[in-house]
Amino acid sequence: MDEKIKVKVPVEFVGESQAIKEKNGLLVKAMQEIEVEALPTNIPRSVIADISKIADIGQSVYVKDLKFADGVVAIVDGESVVATVTAKMTEEQEAALSAEVKPEDVKVETEEKKEARDAVKAAAAEPATAGKTPAAGATPAAKPTAEKK
């Protein structure tokens, strides 16, 4: 029991942010749980993230801001965002997102990738086939003829 182990512990959000309460911000939780390393006897039930420190929209709580018990170390980078407060969308922004999309405007990713692969193959095939014999079953390319004067 003297060997440290890595486990994921839930993040518990506490407090009331002034950015949410007074400025009508929206809390975005980037992490629901955080990986920590500790002795089995020191593993916490949860890690507390105090969002009351967020005073303005755009501010965040980072892993480095969390308080861990003695012997508990976060595995993730201290600059990782745990939660942030963003501005809510305006009605105009929501309308723009919900604007009707025509089916012909939507391109399937595989179609785009196929077009790109075909273009690469065509570009690679031109110099590679110059002066070589065609593969079995392929039609040979026409050879350029010199004009006679």
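The values are calculated or read from the model by the stated rules, or taken from the named source; none is laboratory data. What you see is a predicted model, and the numbers here were worked out from it, not measured in a lab. We place every Cβ from the backbone using ideal geometry, glycine too, and count neighbours over all the protein chains shown.
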Ala55 fails exactly one of (1) modelled with pLDDT of 90 or more; (2) under 24 Å from the mean Cα position of the chain (by Cα); (3) not in a helix (DSSP H, G or I), namely (2)
Just checking, which of Lys64, Lys143 is modelled with pLDDT of 85 or more and basic (Lys, Arg)? Lys64
Taking the condition of being acidic (Asp, Glu) and touching a residue at least 40 places away in the same chain (Cβ under 8 Å), how many residues in segment 27-45 meet it? 1
Contacts under 8 angstrom Cβ, first residue in segment 65-89 being on the phi > 0 side of the Ramachandran plot and surrounded by 12 or more Cβ atoms within 10 Å (Cβ to Cβ), partner at pLDDT 90 or above and of a type in the set (S, T, N, Q), 6 or more apart: Gly71/Asn42
Quick one: in segment 2-56, of everything that is loosely packed, with under 13 Cβ neighbours inside 10 Å and of a type in the set (Val, Ile, Thr), which residue is nearest to Ala74 (Cα to Cα)? Ile5
Per-region count, segment 40-59, residues within 16 Å of Val14 (Cβ to Cβ) and among the polar types (S, T, N, Q): 2
